[in-house]
Amino acid sequence: MANVATRVSWSGREGEAEGRGETTPLLNGTSGQLSPSSSSSQFGRLSNVDLGDHENTETEAPRSLPSEIPHNNKLLSLKYESLDYDNCENQLFLEEEKRINHTAFRTVEIQRWFICAMIGILTGLVACFIDIMVETLAGLKYKLVKGNIDKFTESGRLSFSLLLWATVNAGFVMAGSLIVAFLEPVAAGSGIPQIKCYLNGVKIPHVVRLKVRSLGCLSGPSALCFQEGPMIHSGAVIAAGVSQGRSTSLKRDFRVSSAPRTTRSGWDLAEEASLGGGRAPGSGVLFSLEEGASFWNQFLTWRIFFASMISTFTLNSILSVYKGNPLDLSSPGLINFGRFDSEKMGYTFQEIPIFIFIGVLGGILGAMFNALNYWLTMFRIRYIHRPCLQVIEAVLVGAVTAAIAFVLIYSSTDCQPLQDNSMAYPLQLFCPDGQYNSMAAAFFNTPEKSVVRLFHDPPGTYDPMTLGLFTLVYFFLACWTYGLTVSAGVFIPSLLIGAAWGRLFGISLSYTLHGFIRADPGKYALMGAAAQLGGIVRMTLSLTVIMMEATGNVTYGFPIMLVLMTAKIVGDFFAEGLYDMHIQLQSVPFLHWEAPVTSHSFTATQVMSTPVTCLRQSEKVGTVVDILSDTASNHNGFPVVESSPGSEQAMGLRGLILRSQLIVLLKHKVFVERASLSLRQRRLKLKDFRDAYPRFPPIQSIHVSQDERECMVDLTEFMNPSPYSVPQEASLPRVFKLFRALGLRHLVVVDNQNQVVGLVTRKDLARYRLGKKGIEEMLLAKT
């Protein structure tokens with residue numbers, strides 16, 4: 001038997017809950033009732049079957065927020081629902097499939113490849129626009145502040161320079177934070193956790209809306225973050241919109257393709273574009289496979305590679321024109337850390353233990369970063385949940401970052417000779433003529449250019465004290481920054497932290513092991529950068545390829561792999577990766593690759609939701625309207641059963657029909673009586689259901705008269721006659737594998753007589769996880 005540490009049954013039915021008196025804290029500061037499940041299926045009874053719907057999540061009325069929101073990491077939110085990935089093989093679907101000939105099929109395939117090309121082009125254009133915008137705004141900021149510092153250095157009024165820097169920083173942050181906090185809160189952060197959830201089959205409200213990332217670049221020149229994560233999110237937004245050929249934000253239907261509009265098509269194409277901008281095709285495919293995708297196939301691999309290739313070509317073409325070389329397409333992309341000379345900076349067998357040790361340090365520091373950010377995010381969820389407070393915090397971080405950087409630069413005495421105009425914005429401050437402040441070289445620049453300098457500056461460029469102070473301060477500032485209400489990621493800041501302590505490590509080795517190994521600081525800065533980022537996000541394969549592509553060198557492939565693997569193993573021992581941790585903090589019902597170990601003793605009867613609201617094959621319109629209008633529980637799937645007229649006893653399972661399908665039937669008034677009276681009525685086609693996707697009208701907008709309530713609706717033609725089902729004795733791992741591998745939204749549980757006894761949804765499976773004391777059952781909470 002499995003060891004059940006926390007066993008809390010639930011069904012969400014208020015009557016039973018009051019009898020038991022069990023409560024759980026909810027995310028909105030109230031308390032909800034918990035109760036055990038029964039095991040029966042009824043007509044007209046509602047159960048916990050995948051709560052929430054498209055229209056309800058879009059039009060939810062604003063609520064007053066309490067000063068503190070109770071929250072813990074053992075909750076699952078009821079506001080998230082699953083996406084429909086499985087095809088509904090009803091009669092309409094089969095009739096349409098029979099009409100498709102070979103020519104029509106090839107036409108659809110060509111259109112899909114054309115859509116992939118469009119996604120690649122648009123993603124490349126957006127990535128290029130964001131990169132140029134961030135570079136331009138950052139250049140204006142640094143030129144303005146540098147001119148002010150040079151002006152007031154001799155007069156001793158540098159306090160005005162400090163005030164200017166802090167004001168400019170805070171201004172950029174405020175502009176980006178106001179947009180995110182008051183217009184699209186889902187655009188906060190890197191967006192990678194939300195895209196992972198979407199590709200896992202969870203509907204995150206507004207996550208692929210056009211306006212989510214439209215103005216996210218405003219905070220880029222000021223925060224300690226880079227736009228790499230938001231670029232990935234932007235690619236997914238573009239793909240989801242182009243695949244459907246319409247935009248709800250622009251309220252336009254462009255009709256770019258006759259291919260079916262389904263969640264599956266948008267899902268696959270979102271994976272295709274998630275890594276298009278800024279990287280070569282190889283790393284884009286590997287990142288989607290390792291970090292983003294929950295479902296994979298060979299055709300998807302080709303399309304992701306093709307979209308990434310087109311995106312890279314578009315990006316290089318635009319950048320070549322922008323940089324004045326229209327015919328030069330050799331741009332290495334947005335992430336370019338300069339080429340390492342492998343002949344001068346090789347490595348030997350003696351350095352392998354050193355690389356392993358660097359990986360251990362990266363794993364420990366990464367786990368520490370994630371742990372600090374975890375508690376900081378918990379504090380934000382509980383106390384900084386109002387938009388105005390979120391904006392104030394973001395502005396405060398921008399101002400504090402500038403103030404701390406200025407104080408460190410002002411107090412630093414590390415002066416280095418200026419050579420060949422290699423620095424874009426050198427600050428002399430109190431250094432002699434012809435020299436620059438070394439601390440300013442790290443702080444007074446964009447994070448990517450600072451990484452390049454740490455990789456390639458010659459030995460002796462940085463004092464160990466400068467690198468130590470910079471690493472310590474930047475570590476805590478980056479930890480504080482990630483999770484703010486701005487569109488910014490953690491990719492480049494993590495590399496910068498690791499490059500700083502890696503170079504410091506290399507300098508220390510040169511002092512202690514002089515003559516034994518070639519301890520070039522730039523080489524160990526590269527290893528430290530890989531170790532730090534790997535310890536935070538726990539990527540291995542894709543990050544190895546990204547680092548090799550960004551440095552243009554495959555010589556360090558093995559050391560980078562060794563460092564990343566060690567960092568992942570050590571980091572996983574202490575804490576989860578940053579993206580998985582934030583998914584858990586958002587209480588998303590995310591399904592991992594496998595069910596919890598030692599869970600074979602749990603059966604479908606224990607896991608399923610019950611009782612289930614079932615519909616007859618021929619059902620009264622009034623009954624359907626009442627079920628869909630019930631505000632206590634919004635079901636999205638209803639098993640269709642065979643039953644005798646006037647009998648409340650369900651017979652065998654005959655199919656499954658979705659809420660969206662029922663709404664379309666009611667909207668078009670597909671009633672049996674209207675057909676029998678020979679009323680002129682166009683026969684519904686599958687296109688009618690697809691045109692209503694993805695925002696089906698709410699049931700409240702559909703008018704049904706009293707006479708129409710007495711009519712009957714025949715569901716046989718529209719239901720899925722072969723839904724996936726499992727016997728009630730099936731084990732949890734078997735149910736989990738079937739549900740996740742097929743991308744299901746509903747899995748019907750039947751008994752030996754094929755009668756419906758329950759329904760398994762995503763939340764039923766996601767609430768079981770392996771804890772320190774065995775299998776734990778998480779609680780459900782409203783948000």
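The values are calculated or read from the model by the stated rules, or taken from the named source; none is laboratory data. Model, not experiment: these values are computed from the prediction. All Cβ positions, even for glycine, are placed from backbone atoms using ideal geometry, and neighbour counts span all protein chains on display. These accessible areas exclude ligands, DNA and RNA; they are computed on the full protein's heavy atoms, side chains included. Shrake-Rupley method; radii C 1.70, N 1.55, O 1.52, S 1.80 Å.
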Task: Cα-centre dipole for segment 721-783 with unit charges at Cβ (Lys and Arg positive, Asp and Glu negative), debye to 20 - done: 420
- [ ] Between D714 and R734, with labels modelled 7 Å along Cα→Cβ, what's the label distance in nm to one decimal, could you check?
- [x] 3.7
Task: Added length on full extension, which subtracts the Cα-Cα distance from 0.36 nm per residue, L418 to L372 - done: 12.8 nm
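Summing +1 for each Lys or Arg and -1 for each Asp or Glu, what net charge is found among the other residues whose Cβ lies under 13 Å from the Cβ of R99?
With Lys, Arg at +1 and Asp, Glu at -1, the neighbours total 0.
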Open item on the list: Along the Cα→Cβ direction, 7 angstrom out, place labels at D688 and F182. What is the inter-label distance in nm?
Closed with: 4.4
- [ ] Would you work out which of I536, I507, I492 lies farthest towards the positive end of the dipole of segment 454-551? Charges go on Cβ: Lys and Arg +1, Asp and Glu -1.
- [x] I536
Open item on the list: Using a Förster radius of 35 Å, what is the FRET efficiency between K782 and Y85 based on their Cβ-Cβ separation? Nearest 0.05, please.
Closed with: 0.85
TODO: Identify, among L144, F160, C197, the residue whose Cα sits farthest towards the positive end of the charge dipole of segment 144-209, taking +1 on the Cβ of Lys and Arg and -1 on the Cβ of Asp and Glu, with the dipole about the Cα centre.
DONE: C197
TODO: Would you kindly state how much longer the chain becomes between F299 and F379 on full extension, computed as 0.36 nm times their sequence separation minus their alpha carbon distance, in nm to one decimal?
DONE: 24.4 nm
Task: Distance in nm between pseudo-label sites at T623 and Q700 (7 Å out along the Cβ direction from Cα) - done: 2.6
Task: Apportionment of accessible area to carbon and sulfur, segment 654-783, percent (1.4 Å) - done: 53
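Among 135-143, 360-368, how do they line up from the highest to the lowest mean number of other beta-carbon atoms within 10 Å?
360-368, 135-143
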Open item on the list: If I take R0 = 60 Å and measure r between the Cβ atoms of K151 and Y511 in this structure, what FRET efficiency does the formula 1/(1 + (r/R0)^6) give, to the nearest 0.05?
Closed with: 0.90
Open item on the list: To make sure I understand the rule: partners must be lysines, Cα under 16 Å from the Cα of K772, and not fewer than 8 residues away in the same chain. Which ones qualify?
Closed with: K74
Task: Proximal lysines to K146, defined as alpha-carbon separation beneath 25 angstrom and excluding residues fewer than eight positions away on the same chain - done: K323, K449
- [ ] Using amide H atoms built 1.01 Å from N in the peptide plane, name the residues 5+ places from D86, or on other chains, whose amide H lies under 5 Å from its own.
- [x] R745
- [ ] Percent of Cα-Cα pairs per 10 Å bin, from 0 to the last occupied bin, for segment 544-605, please list those.
- [x] 16, 28, 31, 17, 6, 1
TODO: Starting from the amide H of F337, placed 1.01 Å from N in the peptide plane, find each other amide H under 5 Å away whose residue is 5 or more places distant or on another chain.
DONE: T551
- [ ] Past 22 Å, Cα to Cα, is the threshold; run K196/K523; K79/K669; K620/K782; K203/K763; K687/K763 against it and keep the listed order.
- [x] K196/K523; K79/K669; K620/K782; K687/K763
- [ ] Order these peptides, 585-598, 97-110, 179-192, by their mean beta-carbon neighbour count within 10 angstrom, highest first.
- [x] 179-192, 585-598, 97-110
Task: Modelled FRET efficiency - R0 35 Å, T103 with I132, Cβ distances, 0.05 increments - done: 0.20
Task: Solvent-accessible area per residue for segment 566-665 (1.4 angstrom probe, square angstrom) - done: 37
- [ ] Please report, in debye to the nearest 20, how large the charge dipole of segment 536-662 is about its Cα centre when each Lys and Arg carries +1 at its beta carbon and each Asp and Glu carries -1 there.
- [x] 120
TODO: Sort 724-735, 445-456, 560-571 for me by packing, meaning the mean count of neighbouring Cβ atoms within 10 Å per residue, highest on top.
DONE: 560-571, 445-456, 724-735
TODO: Please turn the phi angles of segment 295-306 into ³J(HN,Hα) values with the Karplus equation 6.51 cos²θ - 1.76 cosθ + 1.60 (θ = phi - 60°), one per residue in order, whole Hz, x for glycine and proline.
DONE: 9, 8, 8, 5, 4, 5, 4, 5, 5, 5, 4, 5
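Averaged per residue, what accessible area in Å² does segment 357-500 show with a 1.4 Å probe, protein chains only?
Per-residue value: 36 Å².
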